[in-house]
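Here is the structure we will look at.
The values are calculated or read from the model by the stated rules, or taken from the named source; none is laboratory data. In this text the structure is predicted, and so the values were computed from the model without any measurement. Backbone-built Cβ (ideal geometry, glycine too); neighbour counts: all protein chains shown.
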């Protein structure tokens, strides 16, 4: 047997193993699982969490068995379960975001679809560094993982090296529907489920996926997965990670990162993703960098220091002053202001920002005493 024959045999064994794993993974990813009454009931309870004060949620949950039975009948008989969107705008960190929220009856079906089809079919295929919209992960996981990577890097290479930060421009608004459907085609086989997901994707218009839909969140988190795996395969990349549309790649050589960026641009063209040229950059590790609105840099003796970025601190100071004016005008209660500040304070307590927190406490007491 020649070396080519041995390579072909290994490749055949790997492909067969992947096929077996995929079959086991999607075995229960069917329309019947989405339309199961128990699954729909649990999805309704999950969707109602935190929003039971809404009248629409109360009306649905008051007749939950009748509503879930109707949803099951609509799904199994192929009727359109879409009810349109409730659209509104919010301003988050100074950025205007367009939200397309689905009606609660459709949200129940979408949660069942996410739990019993999209999550089990897609999540296992994602790289370890992908930490958005995955159960058991999140921002705390992403920050802790990056800290561990920087600690390991410093032990081996010191503060030498560079980090490539990649950001996507208007990520949800520019997602290509064809790329999203190809992602679903690779993950799911059931034709009825595929049609349901296609309808959900097409309801967002000709391009882009609306914020406020759980399946859209899963698809948006999974779409750049080929870029994650590209970073894992490329020689010279020592660490990488991604939270939705914010990615980072660490290497000792700057040229390696520029070559990787060129490959990422090719991959993004296939996926219909637009790279934000202003926020995509290569910086020295010794200077520190910002990820998830947190500033990472090496302190004394290689300690990895994580602090809130200057922009977030300034924004919080302005927010406290606005809230003080609202409390004085009677629009907002003191209890609401305290709850809001404690939420921010709870986030900062996990960072290396003790002095920043003390100064903010002084400002809070001065404004609300």
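A few points about this structure:
- Pairs where the first residue, in the stretch 187-207, is farther than 19 Å from residue 77 by Cα and the second is at pLDDT below 90, C-beta under 6 Å, 6+ apart: 203/82; 204/210
- Residue-level analysis places residue 84 outside the set of residues that are assigned by TED's automatic domain parsing to the domain that holds residue 231, farther than 14 Å from residue 196 by Cβ and either surrounded by 13 or more Cβ atoms within 10 Å (Cβ to Cβ) or more than 19 Å from the chain's Cα centre (by Cα) (or both).
- When restricted to residues that are modelled with pLDDT of 85 or more and touching a strand residue (DSSP E or B) at 6+ places or on another chain (Cβ under 9 Å), the stretch 65-101 contains 1.
- Selection from the stretch 314-342 of residues that are within 18 Å of residue 357 (Cα to Cα) and surrounded by fewer than 18 Cβ atoms within 10 Å (Cβ to Cβ): 314, 315, 317, 318, 319, 321, 338, 339, 340, 342
- Once the stretch 218-233 is narrowed to residues that are within 14 Å of residue 174 (Cα to Cα) and part of a helix (DSSP H, G or I), the residue that is farthest from the chain's Cα centre (by Cα) is 219.
- Qualifying residue in the stretch 118-127 (condition: outside any loop (DSSP other than H, G, I, E, B) and in contact with a strand residue (DSSP E or B) (Cβ under 7 Å, 6 or more places away or on another chain)): no
- Taken over the stretch 227-244, the criterion of being surrounded by fewer than 22 Cβ atoms within 10 Å (Cβ to Cβ) and touching a residue at least 60 places away in the same chain (Cβ under 8 Å) is satisfied by 228, 229, 232, 238, 239, 244.
- Looking at 178, 136, just one residue is surrounded by fewer than 13 Cβ atoms within 10 Å (Cβ to Cβ), in contact (Cβ under 8 Å) with a residue 24 or more places away in the chain and either out of contact with any strand residue (DSSP E or B) (no Cβ under 6 Å at 6 or more places or on another chain) or within 29 Å of residue 203 (Cβ to Cβ) (or both), and that residue is 178.
- Residue within the stretch 154-163 that is under 30 Å from residue 52 (Cα atoms) and either at pLDDT 95 or above or not in a loop (DSSP other than H, G, I, E, B) (or both) present: no
- Taking the criterion of being over 12 Å from residue 294 (Cβ atoms), in contact with a helix residue (DSSP H, G or I) (Cβ under 7 Å, 6 or more places away or on another chain) and touching a residue at least 24 places away in the same chain (Cβ under 8 Å), the residues of the stretch 334-355 that qualify are 334, 337, 344.
- Residues within the stretch 198-226 that are surrounded by 21 or more Cβ atoms within 10 Å (Cβ to Cβ), more than 17 Å from residue 87 (Cα to Cα) and in contact with a strand residue (DSSP E or B) (Cβ under 7 Å, 6 or more places away or on another chain), tallied: 2
- Among all residues of the stretch 139-148, there is at least one that is closer than 20 Å to residue 216 by Cα, touching a residue at least 24 places away in the same chain (Cβ under 8 Å) and either within 20 Å of the chain's Cα centre (by Cα) or not in a loop (DSSP other than H, G, I, E, B) (or both).
- For the stretch 63-77, the criterion of being in the same structural domain as residue 195 (by TED's automatic domain parsing), within 24 Å of the chain's Cα centre (by Cα) and farther than 23 Å from residue 194 by Cα is satisfied by no residue at all.
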